[in-house]
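Single-structure report; data block below.
The values are calculated or read from the model by the stated rules, or taken from the named source; none is laboratory data. If you're wondering where the values come from, they're calculated on a predicted model, not measured in any experiment. Cβ sites come from the backbone with ideal geometry, for glycine too, and all protein chains shown count toward neighbours.
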Ligand SMILES: [Fe+2]
């Protein structure tokens, strides 16, 4: 395209640059052996503006058109790779296709570009800030905007938490600019319909990316990134660091109402992603988070220009509302994951992507894959090699697993030497084994956001 050579917007350079084609490829080349028990799809969502549609002066990484990449594995083989733009109206118009059916909350044209995964028998793409989720076919074609069969009152989130005990999804949602005075806690039942909504009044319009869910509490991250009216009036990405605003976490008892929230002040910071959270034996709430000192202060085009995220443990005492913070790891890292069965429960291991400092065009955004013992801070690092970096590590427990870390890590790895991508599979218990499999993809997977393993069964 050449555009990326001409612009200084770092979120359009290197592997942040979009790809221009939708590709379908079968029987992909593999080095090593794909574990035969992996029967299903690895899917991943991220921003990918259509060629020529974004102004590099103002393009914000969070706002690009949505593109999902997917890889089907089965019988020890990599059957297919597909990447597809999700059909928001602008994408459909550009491709000469009819608009997809379904409701768009607030008349929004945004496609959900942040997460993709399976729930209630469907494949969902999701975003925050008032966007309506989309459902996708097995082959990643857009089916429709889908507000959980019309049960979702406003927007949703890209980071719902799955509660294995009830089969439900829990999300902290907001809708800019429609619901300026509140966020909403939304629970979606196992049949895919909203079963509960709690309005949480807010003085400001805050950006809420994620939440935590323990056995007792739904946790609100109320942090000082708020709507900046100058940016909003200019119709740019409107959220910015707000030094005048306090920061706090809120513990909403899972059966409670907004008035029951236990608000606990913390030092100003921003958190996109908690690694995990749980109630400890003393009645405290443990929150492990990737913490930034600041967000969208000087860098208003994306998240990586103001501070580097590091892994912290916050121990919240609901009785006296105190929060004690300790650093688990001071190595810059993001996109934390854990074993699926341990959400909201005590756990030992997290998996993250090292974040490289600076956003040079010839350097991958991400670096090594980390495995962290969150109790000791001890970190193992898998080095993907010179000029190579691994994005979000998706953990899949092995069949009949006997330990928390007895699983596979599925990682999109970008190679800046060849400007190509692979899906790499690691053995989470044995980094020394090297790559269990390297699946060569027919094109780059641009750095983006979140994905999941969706088993066929
Ligand atoms: Fe996220």
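Just one of (1) surrounded by fewer than 24 Cβ atoms within 10 Å (Cβ to Cβ); (2) out of contact with any helix residue (DSSP H, G or I) (no Cβ under 7 Å at 6 or more places or on another chain); (3) at negative phi fails for residue 392. It is (1).
Filtering region 261-278 to residues that are touching a residue at least 60 places away in the same chain (Cβ under 8 Å) and over 17 Å from residue 225 (Cα atoms) leaves 261, 275, 276, 277, 278. Residue count for region 320-344 under the criterion of being without any contact (Cβ under 8 Å) to a residue 24 or more places away in the chain and within 16 Å of the ligand (Cβ to nearest atom): the result is 0. Test residue 287 against the stated conditions and say whether it is under 21 Å from residue 211 (Cβ atoms), touching a strand residue (DSSP E or B) at 6+ places or on another chain (Cβ under 6 Å) and crowded, with 23+ Cβ neighbours inside 10 Å. In short, yes. Within region 47-75, the set of residues being more than 28 Å from residue 11 (Cβ to Cβ) and either in contact (Cβ under 8 Å) with a residue 60 or more places away in the chain or not in a loop (DSSP other than H, G, I, E, B) (or both) comprises 72, 73, 74.
Could you identify the single residue in 306, 282 that is more than 18 Å from the chain's Cα centre (by Cα) and more than 30 Å from residue 167 (Cα to Cα)?
Selected residue: 306, the only one of 306, 282 that is more than 18 Å from the chain's Cα centre (by Cα) and more than 30 Å from residue 167 (Cα to Cα).
When each of 107, 117 is tested for being surrounded by fewer than 20 Cβ atoms within 10 Å (Cβ to Cβ) and out of contact with any helix residue (DSSP H, G or I) (no Cβ under 8 Å at 6 or more places or on another chain), the lone residue that passes is 107. Entry remark, region 407-457: residues being within 16 Å of the ligand (Cβ to nearest atom) and modelled with pLDDT under 95 number 0 in total.
For region 302-319, which residues satisfy the criterion of being part of a loop (DSSP other than H, G, I, E, B) and within 16 Å of the ligand (Cβ to nearest atom)? Those that are part of a loop (DSSP other than H, G, I, E, B) and within 16 Å of the ligand (Cβ to nearest atom): 302, 303, 304, 309.
When region 29-46 is limited to residues that are under 26 Å from the mean Cα position of the chain (by Cα) and part of a loop (DSSP other than H, G, I, E, B), the one that is farthest from residue 433 (Cα to Cα) turns out to be 39.
For region 308-342, a residue qualifies if it is out of contact with any strand residue (DSSP E or B) (no Cβ under 6 Å at 6 or more places or on another chain), more than 15 Å from residue 392 (Cα to Cα) and surrounded by fewer than 16 Cβ atoms within 10 Å (Cβ to Cβ), and the qualifying residues are 317, 319, 320, 322, 341.
Of (1) at negative phi; (2) touching a residue at least 40 places away in the same chain (Cβ under 8 Å), residue 247 satisfies all except one. Which? Of the numbered conditions (1) at negative phi; (2) touching a residue at least 40 places away in the same chain (Cβ under 8 Å), the odd one out for residue 247 is (2).
The set of residues from region 205-239 being within 16 Å of the ligand (Cβ to nearest atom) and touching a helix residue (DSSP H, G or I) at 6+ places or on another chain (Cβ under 6 Å) comprises just one member, 237.
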